[in-house]
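Take a look at the structure below.
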Amino acid sequence: MKKKDTKPTEEKLKPKLFSVMKNYSGKQFTKDLTAGVIVAIIALPLSIALALASGVNPEQGLYTAIVAGFIVALFGGSRVQIAGPTAAFATIVAGIVVRHGMDGLIIATVMAGIIMVVMGLCRFGSLIKYIPGTITAGFTFGIAVTIVIGQIKDFLGIQFQNSPIETVDKITEIGRCIGTFNWQALVIGLLSLAILIFWPKKLEKIPASLIAVIVCSAIVALTNMDVNTIDDLYTISQAPPTLTIPEVTFDKIKTLVPDAFTIAVLAAVESLLSCVVSDGMIGSKHRPNMELIAQGAANIGSALFGGIPATGAIARTAANVKNGGRTPIAGIVHSIVLLIILVVLMPYASMIPMPTIAAILFMVAYNMCGWKNIRNIIKTAPKSDIFVLVVTIVFTVIFDLVVAIGVGMVLAAILFMKRMADVTEAHAWIDVDDEDTDVDNILRKKIPERTRVYEINGPMFFAASERYKYMLDDNDIDVLIIRMRNVPAIDSAGVEALSQIVKRCEKEGVNTVFSHVNEQPMRAMTKAGLCDKVGQENFCSHIDTALARAEEIENERRAALAHN
């Protein structure tokens with residue numbers, strides 16, 4: 001048997017747009033045009049809401065979606081990525097603006113863009129896999145919590161005495177000023193939430209956020225309710241994006257380096273995660289390094305044209321795919337439509353009630369928090385992974401994202417090294433000669449005709465989980481044997497990788513048999529429910545038993561076919 005070469009080929013630094021246009025058709029343009037318009041309608045209220053949550057003017061959210069969305073569509077490494085402002089940056093941007101002003105935000109974002117371009121040129125796109133899933137899930141959930149806390153004020157119509165920045169201070173201020181609660185604001189907020197929750201169940205094609213904005217704005221305007229609107233708190237502009245050059249000094253650059261790295265890392269992680277999700281939806285493969293370069297250029301462009309940090313937006317990208325978008329043309333259309341809306345219809349946005357903005361952000365926080373993923377990790381992961389998850393969430397809420405990711409990575413590394421140290425052992429071989437002394441070498445075995453055997457060597461953990469997904473590339477088989485005698489340990493990402501393999505086998509009508517699963521991996525797989533799903537009869541203690549089980553399955557298949 002020949003070992004399969006799994007070494008990845010060198011990625012081309014070529015925008016996806018240039019590749020897909022070779023076979024572009026008028027039919028696909030119609031689909032991209034429709035998807036781009038729909039995504040622009042979805043992005044309109046979200047961009048405004050996220051700008052306000054970030055402590056900047058409403059139109060700056062649209063500037064970000066227009067400029068960054070256009071650049072990422074033009075130069076990005078994904079066919080369907082939609083870029084713009086996202087909830088992950090809200091608290092970070094708000095903090096930078098308060099501490100350093102808009103000039104500071106522009107400088108930090110431009111520096112972050114340069115860092116991302118360098119990361120792409122140095123081909124760091126694949127390094128995303130070295131950030132454990134528990135840390136990504138932790139800081140995402142933590143950001144969602146901070147967004148919810150930050151919007152309670154507007155949702156309840158509370159009048160703050162101070163202007164707190166930190167999440168803990170906001171909670172304290174809410175408690176101190178709860179007496180200024182406005183029941184009319186709460187009514188509009190609850191109505192907005194109801195529309196956002198129940199409207200998609202009836203008419204998914206028309207964005208619920210747009211309906212909430214139109215209905216609640218009309219109610220407040222026609223009944224003269226005592227509810228703050230955007231116009232009460234902000235001066236809204238309909239001018240298109242214009243070039244803005246900040247005053248740059250060496251001291252500012254030095255001070256803003258940590259913020260720039262925070263923006264760069266978060267933008268890289270979220271953009272590449274969005275690409276991975278969209279790849280699964282359309283059966284494509286993105287170019288991570290080209291995507292990093294495009295995202296870096298997009299952040300530079302967004303900052304210089306009055307916007308805020310941008311990244312790939314998972315929800316808007318998914319909406320693009322669901323509405324027929326399959327090429328970057330949809331992203332370009334989305335940006336052009338938003339520009340037209342900004343110039344023509346922006347004055348009407350000043351009528352949007354602040355409780356409606358808060359309700360939209362509540363839904364954004366709910367959709368991004370990944371509570372199901374958190375639940376699965378708590379339910380199936382080792383205690384060390386759960387500990388890292390909880391610490392990351394707490395540090396994100398109480399401190400900030402930089403501290404949370406830093407502490408989380410250090411903890412994950414230390415706990416992983418401990419886990420590896422606990423299972424490492426040394427063997428002393430006696431009388432070794434040039435001959436292969438392994439009597440269980442698979443080359444010495446007779447493998448049934450429609451069976452494939454894959455042997456995994458080494459621990460299955462987050463950085464290695466991508467290596468096992470090729471197992472079912474040859475699907476003209478009845479049985480896949482996964483031999484795990486040399487897998488001393490496995491984490492939640494490894495279990496998830498095996499679960500995906502089993503799920504794909506089921507889809508292809510292939511039986512999965514495991515051979516020689518060690519103690520710790522068996523505990524983790526049992527806890528995750530994988531053993532019950534595969535069946536205890538398909539967990540064999542030795543390769544000979546596994547091969548016998550495979551032959552039994554093949555004979556049963558032949559008998560069933562002969563009977564039919």
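Which condition number does residue 279 fail, the rest of (1) closer than 23 Å to residue 92 by Cα; (2) assigned to a helix (DSSP H, G or I) being met?
Among (1) closer than 23 Å to residue 92 by Cα; (2) assigned to a helix (DSSP H, G or I), the lone unmet condition for residue 279 is (1).
With (1) farther than 20 Å from residue 96 by Cβ; (2) outside the structural domain of residue 113 (by TED's automatic domain parsing) as the list, and residue 312 as the residue in question, which single condition is left unmet?
Every listed condition holds for residue 312 apart from (2).
Within the set of pairs 6+ apart or on separate chains, which have a first residue in segment 335-351 that is closer than 12 Å to residue 41 by Cα and in the same structural domain as residue 37 (by TED's automatic domain parsing), a second that is modelled with pLDDT of 90 or more and not in a helix (DSSP H, G or I), and C-beta atoms under 8 Å apart?
Every condition considered, the pairs that remain are 339/240; 342/240.
Search segment 48-97 for residues being within 13 Å of residue 316 (Cβ to Cβ) and outside any helix (DSSP H, G or I), and hand back the single one that is modelled with the lowest pLDDT.
Taking the candidates together, the pick is 86.
Within segment 476-564, considering only helices (runs of 4 or more DSSP H) that don't extend past its boundaries, which have at least 3 residues that are touching a Phe, Trp or Tyr at 6+ places or on another chain (Cβ under 8 Å)?
492-508
Which count do you get for residues in segment 102-136 that are of a type in the set (S, T, N, Q) and surrounded by fewer than 23 Cβ atoms within 10 Å (Cβ to Cβ)?
Looking only at that region, the number is 2.
Kindly evaluate residue 188 against the criterion of being among the hydrophobic types (A, V, I, L, M, F, W, C), under 28 Å from the mean Cα position of the chain (by Cα) and surrounded by 15 or more Cβ atoms within 10 Å (Cβ to Cβ).
Answer is no for this residue.
Applying the selection to segment 13-40, what residues are assigned to a helix (DSSP H, G or I) and either under 22 Å from the mean Cα position of the chain (by Cα) or of a type in the set (Lys, Arg) (or both)?
If the condition is that a residue be assigned to a helix (DSSP H, G or I) and either under 22 Å from the mean Cα position of the chain (by Cα) or of a type in the set (Lys, Arg) (or both), then 16, 22, 27, 31, 35, 36, 38, 39, 40 are the ones that fit.
Name the single residue that is nearest to residue 87 (Cα to Cα) among those in segment 136-145 being modelled with pLDDT under 85 and among the β-branched types (Val, Ile, Thr).
Across segment 136-145, the extreme among qualifying residues is 143.
Restricting to segment 25-42, name every residue that is in contact with a Pro (Cβ under 9 Å, 6 or more places away or on another chain) and of a type outside the set (Val, Ile, Thr).
32
Which residues, counting only those in segment 146-181, are among the aromatic types (Phe, Trp, Tyr) and free of Cβ contacts under 8 Å to residues at least 24 places away in the same chain?
160
Restricting attention to segment 58-83, report how many residues are more than 13 Å from residue 325 (Cβ to Cβ) and in contact with a strand residue (DSSP E or B) (Cβ under 7 Å, 6 or more places away or on another chain).
5
Picking from 484, 522, which residue would you name as being surrounded by 16 or more Cβ atoms within 10 Å (Cβ to Cβ), in contact with a helix residue (DSSP H, G or I) (Cβ under 7 Å, 6 or more places away or on another chain) and not assigned by TED's automatic domain parsing to the domain that holds residue 134?
484
Starting from segment 357-374, keep only residues that are outside any helix (DSSP H, G or I), then list their pairs with residues that are buried (at least 19 other Cβ atoms within 10 Å of the Cβ) whose Cβ atoms are within a distance under 7 Å, requiring at least 6 positions of separation or different chains.
Correct list of pairs: 370/137; 370/140; 370/141.
Has segment 205-222 got any residue that is of a type in the set (Gly, Ala, Ser) and part of a loop (DSSP other than H, G, I, E, B)?
No, every residue in segment 205-222 fails to be of a type in the set (Gly, Ala, Ser) and part of a loop (DSSP other than H, G, I, E, B).
Find the residue count for segment 209-235, including only residues that are more than 17 Å from residue 52 (Cβ to Cβ) and over 32 Å from the mean Cα position of the chain (by Cα).
8
Here is a yes/no grid of residues against (1) hydroxyl-bearing (Ser, Thr, Tyr); (2) surrounded by fewer than 24 Cβ atoms within 10 Å (Cβ to Cβ):
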{"position": "265", "(1), (2)": "no, yes"}
{"position": "271", "(1), (2)": "yes, no"}
{"position": "276", "(1), (2)": "no, yes"}
{"position": "280", "(1), (2)": "no, yes"}
{"position": "307", "(1), (2)": "no, no"}
{"position": "313", "(1), (2)": "no, no"}
{"position": "316", "(1), (2)": "no, no"}
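Within segment 254-269, is there a residue that is under 21 Å from residue 109 (Cα atoms), touching a residue at least 24 places away in the same chain (Cβ under 8 Å), among the hydroxyl-bearing types (Ser, Thr, Tyr) and in a helix (DSSP H, G or I)?
Taking every residue of segment 254-269 in turn, at least one turns out to be under 21 Å from residue 109 (Cα atoms), touching a residue at least 24 places away in the same chain (Cβ under 8 Å), among the hydroxyl-bearing types (Ser, Thr, Tyr) and in a helix (DSSP H, G or I).
How about segment 223-253: which of its residues are at pLDDT below 90 and part of a helix (DSSP H, G or I)?
Scanning segment 223-253 gives 230, 231, 232, 233.
Which residues, taken from segment 115-150, are hydrophobic (A, V, I, L, M, F, W, C) and under 24 Å from residue 361 (Cβ atoms)?
If the condition is that a residue be hydrophobic (A, V, I, L, M, F, W, C) and under 24 Å from residue 361 (Cβ atoms), then 135, 137, 139, 141, 143, 144, 145, 147, 148, 149 are the ones that fit.
Search segment 398-409 for residues being more than 14 Å from residue 137 (Cβ to Cβ) and out of contact with any Pro (no Cβ under 9 Å at 6 or more places or on another chain), and hand back the single one that is modelled with the lowest pLDDT.
Only one residue fits best here, namely 400.
Going through segment 1-19 one residue at a time, which ones are modelled with pLDDT of 90 or more and out of contact with any Leu (no Cβ under 8 Å at 6 or more places or on another chain)?
Within segment 1-19, 14, 16, 18, 19 meet the criteria.
Considering only residues that are of a type in the set (Phe, Trp, Tyr) and at pLDDT 90 or above, which ones fall in segment 155-188?
Within segment 155-188, 155, 181, 183 meet the criteria.
What residue, among those in segment 375-408 that are of a type outside the set (A, V, I, L, M, F, W, C) and part of a loop (DSSP other than H, G, I, E, B), is nearest to residue 90 (Cα to Cα)?
This residue is 400.
The values are calculated or read from the model by the stated rules, or taken from the named source; none is laboratory data. Bear in mind the structure is a predicted one, so any value in this text is a computation, not a measurement. When we count neighbours, we look across all protein chains shown, and the Cβ atoms used for this are built from the backbone with ideal geometry, even at glycine.
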